[in-house]
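One structure is given here, and the rest of the page talks about it.
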Amino acid sequence: MDWNHLRIFNSVAESGSFTRSAKLLQLSQSAVSRQIGALESSLKVLLFRRHAGGVTLTKTGSELHQAVKEMSERLARAMVRVNEFRDKPEGPLRITTSVAFGSAWLSARMSAFHELFPDIKVSLLLVDNIELDPQKGEAEVAIRFKRQTSTRLIQRSLMSVRYHVFAAREYLAKHDTPLRAEDLDQHQIIVYGEDVPAPISDINWLLRAGAPPNRPREPTLRVNNIYGIYHAVRSGLGIAALPFYLSESADNFVEILPELTGPSFDVFFVYPEDLRHSMRIGALRDFLVREADEYRAKIGADIRQRKKTRR
């Protein structure tokens, strides 16, 4: 069976359209149609039902699609293992994590990693609300925010991150700086939206901090993305609780109410057990462990300095 036919079949099955598949594959629609027709003729079965909105899989097509997906995943994992038979760390390396952590903490350290390992070609796959699976070959490394339960995954703890309360200098210039949690009643609060699952539990704790029992504050804005909340605060809209690492890239951020203790979460470096001996993954793991150690030390020094200043 022609693998190229199967590759095109899988693209059409995933996209549900000859037109969309042709754009993704950079082929003409007629070329895609001919390839699917050739595959159906060779198998002597109908794989798709055509309709005005695109195509849907027949029962036979669905079974073939599942088989091709499994073949693609196995091929991707095999290609990853092939890349390990080299004398030095080199080759592609896909890392998946959340938009906020990847855009702020992780991407800020990729320049230093590239200087150390220029032959490792990193791709950052930043997604929220879904998780790409390293066990299926969707990425080689995942940065996760809770301990994984699969025995087929290796995980290394990198750090713990705590939520702190921030506002932009521009906002505080127009409003009184809150000195107590109760003062937040007079301020514009930005929180995580409730329409999608939150990345950690009790993420909107700031609505209750210092508020009367059973009467939380009403937020000024809800955003279902941590990075979106960061930009809203940075623009001067209001006050929000954010992971501390986001303050690194905002020179107008001011931490307020440092005595408030927000939730924290652990950060884990995760990769498949069958890539245990990968030189590329080992290089990245050791690099990020060193970076996390330096980050913890820097945060600790900053906190001690702020306490000394307040005294």
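Since every read-out is calculated from the coordinates, none of them should be taken as a lab result. Computed from a prediction, not measured in an experiment: that's the story for all the values here. Cβ coordinates were reconstructed from backbone atoms using ideal geometry, including for glycine residues, and neighbour counts include every protein chain displayed.
For Lys121, nonlocal amide neighbours, meaning residues 5 or more places apart or on other chains whose placed amide H falls under 5 Å from its own, are Gly91, Leu93. Across the stretch 160-272, the relative contact order, built from alpha-carbon pairs under 8 Å that are at least six residues apart, equals 48 percent. The value obtained for the stretch 3-74, namely the Cα convex hull volume divided by the number of residues, is 80 Å³ per residue.
The modelled label-to-label distance for the pair Arg49/Val99, using points 7 Å beyond Cα in the direction of Cβ, is 3.6 nm. In this simple spin-label model, placing a label point 7 Å from the Cα along the Cα-to-Cβ direction at both Val289 and Ala76 gives a separation of 2.7 nm. Evaluated with a Cβ-only charge set (Lys, Arg +1; Asp, Glu -1), the chain carries a dipole of roughly 200 debye about its Cα centre, given to the nearest 20. In the chain, the alpha-carbon atoms span a convex hull of 190 Å³ per residue.
Listed by chain and number, the lysines whose alpha-carbon sits under 19 Å from that of Lys88, ignoring those within fewer than 8 places in the same chain, are Lys121.
Mean separation of Cα pairs under 8 Å and 6 or more residues apart, divided by the residue count, gives the chain a relative contact order of 20 percent. Enumerate the amide H contacts of Thr58 below 5 Å, restricted to partners 5 or more residues apart or on another chain; note that Pro and chain-start residues carry no placed amide H. Amide H neighbours of Thr58: Phe48, Arg49. Place a label point 7 angstrom from the Cα of Ser249 along the Cα-to-Cβ direction, then list the residues of the stretch 112-153 whose backbone nitrogen is under 11 Å away. Answer for the stretch 112-153: none.
Normalised by the number of residues in the stretch 86-167, the average gap of Cα pairs under 8 Å and 6 or more apart makes the relative contact order 36 percent. Applying 0.36 nm per residue to the separation of Ala211 and Ala108 and subtracting their alpha-carbon distance, the gain on full extension is 33.4 nm.
Subtracting the Cα-Cα distance of Trp3 and Leu221 from their residue separation scaled by 0.36 nm leaves 73.5 nm.
Distance from the Cα centroid of the stretch 227-303 to that of the stretch 1-64 is 44 Å (rounded to whole angstrom). Beta bridges per DSSP, both residues in the chain: antiparallel share near 65 percent.
Mind checking which lysines have their Cα closer than 19 Å to the Cα of Lys59? Skip sequence neighbours fewer than 8 apart in that chain. Qualifying lysines at Cα under 19 Å: Lys44, Lys69. Against the chain, whose longest principal axis is taken from its Cα atoms, helix 279-310 shows a tilt of about 20°. Think of it as helices only: each DSSP H run of n ≥ 4 in the chain is worth -39500 (n - 2.57), and spread over all residues that comes to -12000 deg cm²/dmol at 222 nm.
Just Ser72, Ser150, Ser278 to compare: in a GNM of the chain, with alpha carbon springs under 10 Å, which one fluctuates most? Among Ser72, Ser150, Ser278, the largest GNM mean-square fluctuation belongs to Ser150.
In this structure, the amide hydrogen of Glu138, modeled 1.01 Å from its nitrogen in the peptide plane, lies closer than 5 angstrom to those of Asp133, counting only residues at least 5 positions away or on a different chain. Each residue of the stretch 249-258 is assigned a 3J(HN,Hα), and the resulting list reads 9, 10, 6, 9, 7, 10, 7, 10, 6, x Hz, derived from the Karplus form 6.51 cos²θ - 1.76 cosθ + 1.60 (θ = phi - 60°), x at Gly and Pro.
Within the straight-line cut-off of under 17 Å between alpha carbons, the lysines reachable from Lys298 are Lys307, Lys308, sequence neighbours fewer than 8 places apart in one chain being disregarded. Taking θ as phi - 60° and the Karplus parameters 6.51, -1.76 and 1.60, the scalar couplings of the stretch 148-155 work out to 7, 9, 5, 6, 8, 10, 9, 9 Hz in sequence order, x denoting glycine and proline. The angle separating the long axis of helix 3-15 from the principal Cα axis of greatest extent in the chain is about 50 degrees. Packing order of peptides 207-218, 257-268, 279-290, 234-245, highest average first: 234-245, 279-290, 257-268, 207-218 (average count of other Cβ atoms within 10 Å over each peptide's residues).
Under the combined filter of DSSP loop state and at most 16 neighbouring Cβ atoms within 10 Å, the stretch 106-158 retains these trypsin sites (Lys or Arg not before Pro): Lys146, Arg147, Arg152.
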